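A quick write-up on the structure given underneath.
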Amino acid sequence: MALNCLTSHYALLWDEAYDLAFTEQRWSQPDNVRLPQDFWQDLTSTWTRHCALRSDYARRMALVEIDVLVAQVLGLTLNELLLIYRVQFPVMQGYERDTWYDITGRIVFTNSKGLVGVGLPRNGSRITPKTRIRTPDGVSREGNIGWDDLYKGGQWLVPDGTVVTQWVTDDTWPGGPRTVKRTYVAPFARANREEDYRAAWEFFASTQTA
């Protein structure tokens, strides 16, 4: 429900399906700062836009946890779930290895071919959207900036607390193109699906036996 009820068009469905138990749910990683830890407890019986998971990281984590719950219901072991992921999903593994999230859970860079236009491009060029980098000491620079200007060769080129602002043209809404500002805040980090599977498996296993 939280993954699908994104707009008011789903309000009736939400109202019909809502259960007070929704507010008792918890993430399997309660100390993960990229997850909205108060999301579940703040859910209401009447739909609002806050009833939907909206950050890239939170939506990904919800799908990870669903994978684990389904695997447990089907009687799979954790090792079997990991084997399925390793053998059947090599493309997803490649995307996971090079998708980076900011501290708010927004994708700042991804190599996913299904997410063209999401985050910064790999390299800056004359057609790259206008971008500004502002470091914690107040120093700013603007230009055609890409991901390689932030992280290259395994080395960070910007410190934690850096704010990257990007102005892009959005033509997905009625009324024609408009300029949209996107903001990314360091530190940036990747997610590890196998580690997340293990954490979720342990969490749900302990919940079921409690």
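The values are calculated or read from the model by the stated rules, or taken from the named source; none is laboratory data. Remember, predicted model here, so these are calculated numbers, not experimental data. Neighbour counts run over all protein chains shown; Cβ positions are idealised from the backbone, glycine included.
With respect to the conditions (1) out of contact with any Cys (no Cβ under 9 Å at 6 or more places or on another chain); (2) assigned to a helix (DSSP H, G or I); (3) not polar (S, T, N, Q), VAL33 lacks only one, and its number is (2). Reported count of residues in the range 119-163, each being within 23 Å of the chain's Cα centre (by Cα), free of Cβ contacts under 8 Å to residues at least 12 places away in the same chain and in a loop (DSSP other than H, G, I, E, B), is 2.
Is there a residue being under 20 Å from ASN192 (Cβ atoms), without any contact (Cβ under 8 Å) to a residue 24 or more places away in the chain and either under 18 Å from the mean Cα position of the chain (by Cα) or surrounded by fewer than 16 Cβ atoms within 10 Å (Cβ to Cβ) (or both) anywhere in the range 41-57? Checking the range 41-57: not a single residue is under 20 Å from ASN192 (Cβ atoms), without any contact (Cβ under 8 Å) to a residue 24 or more places away in the chain and either under 18 Å from the mean Cα position of the chain (by Cα) or surrounded by fewer than 16 Cβ atoms within 10 Å (Cβ to Cβ) (or both). Taking the range 86-117 as the range and being in a helix (DSSP H, G or I) and under 19 Å from TRP27 (Cβ atoms) as the test, only GLU96 passes.
If ALA199 satisfies all but one of (1) more than 19 Å from PRO30 (Cα to Cα); (2) at pLDDT 95 or above; (3) surrounded by 13 or more Cβ atoms within 10 Å (Cβ to Cβ), what's the number of the condition it fails? The single condition ALA199 does not satisfy is (1). Out of the range 164-201, which residues are without any contact (Cβ under 8 Å) to a residue 40 or more places away in the chain, assigned to a loop (DSSP other than H, G, I, E, B) and either in contact with an Asp or Glu (Cβ under 8 Å, 6 or more places away or on another chain) or of a type in the set (Gly, Ala, Ser) (or both)? Passing the criteria: GLY175, GLY176, PRO177.
When residues in the range 12-26 are screened for being part of a loop (DSSP other than H, G, I, E, B) and out of contact with any Ser or Thr (no Cβ under 8 Å at 6 or more places or on another chain), 3 of them pass. On the basis of being of a type in the set (D, E, K, R) and either in contact with a helix residue (DSSP H, G or I) (Cβ under 6 Å, 6 or more places away or on another chain) or closer than 23 Å to ASN111 by Cβ (or both), does ASP137 make the cut? Judged against the criteria, ASP137 is not a match.
For the range 107-121, name all the residues that are within 21 Å of GLU142 (Cα to Cα) and surrounded by 14 or more Cβ atoms within 10 Å (Cβ to Cβ). Hits for the range 107-121 are ILE107, VAL108, PHE109, VAL118, GLY119, LEU120, PRO121. On the stretch given as the range 72-85, residues that are free of Cβ contacts under 8 Å to residues at least 24 places away in the same chain and either touching a Lys or Arg at 6+ places or on another chain (Cβ under 9 Å) or in a helix (DSSP H, G or I) (or both) total 5. Among residues of the range 16-32 that are exposed (fewer than 12 other Cβ atoms within 10 Å of the Cβ), those with a Cβ under 9 angstrom from a residue that is part of a helix (DSSP H, G or I), sequence gap 6+ or separate chain, pair up as PRO30/PHE203.
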